[in-house]
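Asker: This is the structure, below, for whatever I ask next.
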Amino acid sequence: MAQDFILFAKQLLASPFQVSAISPSSRFLARAMAAGLGPHSGPVMEFGPGTGQLTRGVLAAGVAPQDLTLIEMSADFARHLQNIFAGVNVRRAGAQEAASFAPAGSVGVVISGLPLLSMPDPVVEAILTAAFTVLRAGGEMRQFTYGSKPPIAPHIMEKLGLVAVKAGKVWLNLPPARVYILKRAREV
Ligand SMILES: C[S@@+](CC[C@H](N)C(=O)[O-])C[C@H]1O[C@@H](n2cnc3c(N)ncnc32)[C@H](O)[C@@H]1O
């Protein structure tokens, strides 16, 4: 775990805008992000896994390693993830490229630790479009945020035909975080 913090701090110093968080997520946030997942939920994709804190929660919930694909932009994080998670599929890539790694409509859940609020609108749109291309009918994306507002600007949600529903608030995280579930508006 100490190794995770050192690697996280190094990446934060090297690429502050890409990491955009003061520490890895807590196990409490990992549990909230993975709530209700299990062997039935796969395939699952995770965007921006970093040191793998949320990944641990997804695996602990019962998702099989071979049903989990991690998409991480940082080469150092991707190498670390490959070393610690046997059997999990790790791709060093931008989440915008998710549709290259799974057939359209095949994924049950996308878990995202990406700092979407710090990204330009076109990048956020590309990431959400990729997520909802791979997600099957009824599938959902889970995103946490630290602020009081939803993790994606309303004009982007409307343009892409998505809605965000509030899920759990996790006080035991630094800083406290809120989980949101993003779905296709026509399916709600
Ligand atoms: C705030 S950290 C979250 C790390 C981890 N999920 C957690 O909750 O502790 C954001 C992570 O997203 C990665 N990242 C940023 N932009 C990305 C992108 N476009 N595609 C994939 N990963 C990205 C960063 O390298 C970093 O690992």
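The values are calculated or read from the model by the stated rules, or taken from the named source; none is laboratory data. In this text the structure is predicted, and so the values were computed from the model without any measurement. Positions of Cβ are backbone-derived with ideal geometry, glycine not excepted, and every protein chain shown enters the neighbour counts. What goes into the accessible areas is simple: the full protein's heavy atoms, side chains included, and nothing from ligands, DNA or RNA. Shrake-Rupley method; radii C 1.70, N 1.55, O 1.52, S 1.80 Å.
Asker: Within region 35-48, track down each residue that is away from the ligand (no atom under 13 Å from the Cβ), assigned to a loop (DSSP other than H, G, I, E, B) and in contact (Cβ under 8 Å) with a residue 40 or more places away in the chain. Reasoning before the result, please.
Answerer: At the first step, the residues of region 35-48 found to be away from the ligand (no atom under 13 Å from the Cβ) are 35-44.
Now restrict to residues that are assigned to a loop (DSSP other than H, G, I, E, B): 35-38, 42-43.
Passing the criteria: Ala35, Leu37, Gly42, Pro43.
Asker: Taking the condition of being within 11 Å of the ligand (Cβ to nearest atom), of a type in the set (Gly, Ala, Ser) and open to solvent by 10 Å² or more (accessible area, probe 1.4 Å), how many residues in region 102-114 meet it? Walk me through how you get there before you give the answer.
Answerer: Keep residues of region 102-114 that are within 11 Å of the ligand (Cβ to nearest atom), which gives 111-114.
Among the residues that remain, those that are also of a type in the set (Gly, Ala, Ser) are: 112-113.
Filter again for open to solvent by 10 Å² or more (accessible area, probe 1.4 Å), leaving 113.
Going through region 102-114 one residue at a time, the tally reaches 1.
Asker: For the condition within 11 Å of the ligand (Cβ to nearest atom) and aromatic (Phe, Trp, Tyr), what is the one hit in Phe144, Phe85, Phe132?
Answerer: Details: Phe85 fails: within 11 Å of the ligand (Cβ to nearest atom); Phe132 fails: within 11 Å of the ligand (Cβ to nearest atom).
Answer to the selection: Phe144.
Asker: Which of the following residues is part of a helix (DSSP H, G or I), under 13 Å from the mean Cα position of the chain (by Cα) and more than 7 Å from the ligand (Cβ to nearest atom): Ala9, Ala78, Ala32, Ala99?
Answerer: Details: Ala9 fails: under 13 Å from the mean Cα position of the chain (by Cα); Ala78 fails: under 13 Å from the mean Cα position of the chain (by Cα); Ala99 fails: under 13 Å from the mean Cα position of the chain (by Cα).
Ala32 is the lone residue from the list that is part of a helix (DSSP H, G or I), under 13 Å from the mean Cα position of the chain (by Cα) and more than 7 Å from the ligand (Cβ to nearest atom).
Asker: Let me ask something else about it. Pairs please, first residue from region 16-30 and touching a residue at least 24 places away in the same chain (Cβ under 8 Å), second anywhere and open to solvent by 70 Å² or more (accessible area, probe 1.4 Å) and near the ligand (Cβ under 6 Å from one of its atoms), Cβ atoms under 7 Å, 6+ apart in sequence or on different chains.
Answerer: Gln18/Met73
Asker: Return yes or no: is Ala177 buried (at least 19 other Cβ atoms within 10 Å of the Cβ), among the small types (Gly, Ala, Ser) and farther than 20 Å from Ala35 by Cα? It would help to see each step written out before you state the result.
Answerer: On the way: buried (at least 19 other Cβ atoms within 10 Å of the Cβ): yes; among the small types (Gly, Ala, Ser): yes; farther than 20 Å from Ala35 by Cα: no.
It is false that Ala177 is buried (at least 19 other Cβ atoms within 10 Å of the Cβ), among the small types (Gly, Ala, Ser) and farther than 20 Å from Ala35 by Cα.
Asker: Run down Lys149, Lys159 and say which single residue is more than 16 Å from the ligand (Cβ to nearest atom), modelled with pLDDT of 95 or more and either touching a helix residue (DSSP H, G or I) at 6+ places or on another chain (Cβ under 7 Å) or open to solvent by 40 Å² or more (accessible area, probe 1.4 Å) (or both).
Answerer: Numbers: Lys149 fails: modelled with pLDDT of 95 or more.
Unique residue meeting the criteria: Lys159.
Asker: Can you tell me which residue in region 12-29 is farthest from the ligand (Cβ to nearest atom), limited to those that are in a loop (DSSP other than H, G, I, E, B) and closer than 18 Å to Met119 by Cα? Reasoning before the result, please.
Answerer: Residues of region 12-29 that are in a loop (DSSP other than H, G, I, E, B), as a first pass: 15, 20-26.
Going one step further and asking which of them are closer than 18 Å to Met119 by Cα, we end up with 15, 20-22.
On the way: Ser15: 7, Ser20: 5, Ala21: 3, Ile22: 9 Å.
Residue satisfying both the conditions and the ranking: Ile22.
Asker: Which condition number in (1) of a type in the set (S, T, N, Q); (2) surrounded by fewer than 23 Cβ atoms within 10 Å (Cβ to Cβ); (3) in contact (Cβ under 8 Å) with a residue 12 or more places away in the chain is the one that Gln82 fails?
Answerer: (3)
Asker: Of the residues in region 31-48, how many are closer than 11 Å to Glu72 by Cβ and open to solvent by 10 Å² or more (accessible area, probe 1.4 Å)?
Answerer: Counting residues in region 31-48 that are closer than 11 Å to Glu72 by Cβ and open to solvent by 10 Å² or more (accessible area, probe 1.4 Å) gives 1.
Asker: Give me the residue from region 60-75 that is under 14 Å from the mean Cα position of the chain (by Cα) and more than 11 Å from the ligand (Cβ to nearest atom) and, out of that set, surrounded by the most Cβ atoms within 10 Å (Cβ to Cβ).
Answerer: Filtering region 60-75 down to residues under 14 Å from the mean Cα position of the chain (by Cα) leaves 68-73.
With the extra rule that they be more than 11 Å from the ligand (Cβ to nearest atom), the set shrinks to 68-69.
Values: Leu68: 23, Thr69: 21.
Out of the qualifying residues, it is Leu68.
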